[in-house]
1. Note the full-extension length gain between ALA252 and LEU147 as 0.36 nm times their separation in residues minus their Cα-Cα distance, in nm to one decimal.
2. So if I take the centroid of the Cα atoms in the range 257-326 and the same for the range 124-142, what is the distance between those two points in Å?
3. Counting Lys and Arg as +1 and Asp and Glu as -1, what is the net charge of the other residues whose Cβ lies under 15 Å from the Cβ of LEU511?
4. Name all residues of the range 531-557 having a backbone nitrogen under 19 Å from the label point set 7 Å from the Cα of ASN40 along its Cα→Cβ direction, giving them as ranges.
5. From zero up to wherever the largest Cα-Cα distance of the range 449-606 sits, split into 10 Å bins and tell me the percent of pairs in each.
6. For labels at GLU207 and ALA586 in the simple 7 Å Cα→Cβ model, what's the distance in nm?
7. Just order 534-545, 22-33 by mean Cβ neighbour count inside 10 Å, highest at the front, would you?
8. Relative to the present Cα-Cα distance, how much length would full extension add between ALA560 and ASN269 at 0.36 nm per residue of separation?
Amino acid sequence: MPAYKAPLRDTRFLLNEVFDFPGHYAGLSNGKDADPDTVNAILDECGKFCEEVLSPLYLTGDAEGCRLEDGQVITPKGYKEAYAQYVEGGWQGLSHPAEYGGQGLPMSLGLLKTEMMGTANWPFLMYPGLSMGCMNTIMQYGNPEQLATYMPPLTEGRWTGTMCLTEPQCGTDLGQITTKAEPQADGSYRMTGTKIFISSGDHDLAENIVHIVLARLPDAPPGTRGISLFIVPKFLPNADGSVGARNGVSVASLEHKMGIKASATCVLNFDDAAAYMIGEPNKGLEAMFTFMNTARIGTAIQGVAHAELAFQGSLAYAKDRRSMRALSGKKQPEKNADAIIHHADVRRMLLTQKAFAEGGRAMIYFAAQYADHMVNGIIEGDDAKFKKWDDKLGFFTPILKGFLTEMGLEAANQGMQVFGGHGYIWEHGMEQIARDARIATLYEGTTGIQGLDLLGRKVLLTSRGACVREFTGQMARFAIENLRHHGLRRFASDIGRYAAEWNVLTVRLMLAARKDRDVVSSASHHFLMYSGYVMMGYFWAVQAAVAQKKLVEGGGAETAEFYKAKLATATFYFDHLLPRAKGHAASMTKPSRSMTAMPEADFAFS
């Protein structure tokens with residue numbers, strides 16, 4: 001079983017040397033307490049909690065799974081104790097306001113915490129992680145009474161939360177939901193309906209669960225214009241804040257899933273349940289998706305988490321497992337065979353995992369700074385600031401969510417491949433990573449939905465390509481600044497060419513879509529993947545530039561080895577992974593008719 005080790009050296013490299021988080025925090029209205037000493041202490045404590053408490057529960061939680069007894073979900077052995085430690089450590093309120101019991105630190109620190117805890121044990125993280133969307137929605141749209149009732153226990157972690165969207169007949173197309181909310185004389189509502197795929201919908205970790213639920217009023221207009229948002233607690237709160245009577249919310253069943261088996265995914269029935277509207281009538285979808293960008297970053301982190309965990313397991317195994325001799329000659333002549341890490345094909349898989357994990361981490365951390373600015377806009381009541389940074393983040397999120405989860409799945413599968421037959425056996429833990437990684441490409445919008453969001457909405461409809469031009473301008477500036485640098489010339493020249501090509505492809509798709517609307521759908525996957533490979537290439541080039549500079553400045557041998565490894569991984573990425581973008585570029589510009597011309601009847605041959 002892979003034993004998780006927090007990658008604190010790489011984390012600090014990105015925070016302090018690549019992205020200047022100390023300077024970033026100094027410029028935030030809620031960043032004054034995020035000084036380097038505090039951040040280092042948080043990282044150390046989080047790493048310790050992940051390595052000693054969460055990681056040992058990863059394999060055992062998968063073996064035991066969750067069970068439903070008398071309408072109550074029971075989590076695996078050790079989860080209640082681990083969650084109690086999580087609450088005691090104040091981890092839930094790390095990035096939430098002090099007035100509700102939180103620590104008031106920038107959102108990015110919460111994302112750093114999410115990455116480490118998610119890598120150590122993603123199924124566990126689902127329980128407190130799903131509360132974040134609930135908390136953020138209430139914080140943004142709740143009235144004073146709702147804020148006072150729900151935010152303190154949610155921030156402390158005594159209560160948890162969920163987001164209830166999906167129904168049996170609809171997933172992404174939320175205009176089809178049928179759950180009803182009937183108004184009552186006292187201003188509350190009575191809700192009836194069924195929601196499926198509700199992560200953390202029930203469990204035994206906290207004393208109450210607060211569901212944020214999409215439903216329709218009796219006179220609601222059809223489609224997405226007629227959706228309202230409601231708070232529906234599992235137990236009704238008493239006036240003094242304690243837990244009161246059971247509400248009309250019940251678990252119909254637990255989903256039987258491929259992976260993340262220690263995370264309870266529930267079918268929930270709302271039977272005349274007391275509900276309380278949050279936000280305005282028929283504007284629930286707008287409220288629900290206020291923090292969708294940050295929610296998608298949270299899911300993108302899962303891709304990085306599985307790539308990192310698969311890499312750590314693969315690396316340890318590759319150093320220990322012996323098979324044959326390296327083609328270039330014996331590497332360990334005193335042994336009966338060489339360790340498989342000396343075979344180039346195994347190196348290919350290890351470096352792919354490492355490149356995706358560390359490249360994805362850099363992409364996430366950069367976007368996290370945008371998220372900090374966006375949240376600051378909310379804190380300061382500056383709607384223009386919020387919109388500016390939310391729009392900037394909006395371009396990143398489908399790329400991060402779609403691309404990084406696909407790469408995390410690839411890295412997990414390669415982890416099994418490094419292990420060979422042992423990778424297919426449960427007790428080694430590698431097949432569990434692959435099973436757990438599979439869901440990341442599906443929830444919070446499938447990869448296809450992310451592609452449509454990126455190309456159709458963010459690039460073509462909303463910005464008319466401006467978002468691509470803005471980011472590629474940043475790439476072009478890097479290229480110009482480093483073209484004359486001997487050690488960086490290769491990275492700079494490639495980044496410059498891809499920046500130009502990305503813009504050309506965007507314009508070509510704009511023009512093609514005027515004549516053939518299906519091009520948006522037929523090209524969207526390839527546009528997303530192309531964007532992901534090129535964006536990750538840029539962030540690898542940035543890391544390479546910092547590593548090169550640090551090597552010139554000098555330092556100890558251990559420090560030098562870290563920077564040399566960065567340069568070697570960047571070179572591998574540019575040699576072996578970035579060229580994949582060319583295939584996506586060729587495919588996205590082909591006409592849609594090769595996908596759409598075949599009659600529906602011809603798909604079957606019975």
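1. Details: separation 105, 0.36 × 105 = 37.80 nm, distance 2.96 nm.
This chain segment gains 34.8 nm when fully extended.
2. Using only Cα atoms, the two centres lie 13 Å from each other.
3. Numbers: positive: ARG464, ARG508, ARG514, LYS515, ARG517, LYS590; negative: ASP516, ASP518.
Once all neighbours under 15 Å are counted, the net charge is +4.
4. 555-557
5. Histogram of Cα-Cα distances, whole percents per bin: 10, 33, 27, 17, 9, 3, 1.
6. Distance between the two pseudo-spin positions: 6.3 nm.
7. Values: 534-545: 24.2, 22-33: 15.3.
Sorting 534-545, 22-33 by mean packing, highest first, produces 534-545, 22-33.
8. Details: separation 291, 0.36 × 291 = 104.76 nm, distance 5.80 nm.
Here the answer is 99.0 nm.
Computed from the coordinates by the stated procedures, all read-outs in this text should not be read as laboratory data. Computed from a predicted structure; not experimentally measured. Because the Cβ atoms are built from the backbone with ideal geometry, glycine has one as well, and the counts that use them run over all protein chains shown.
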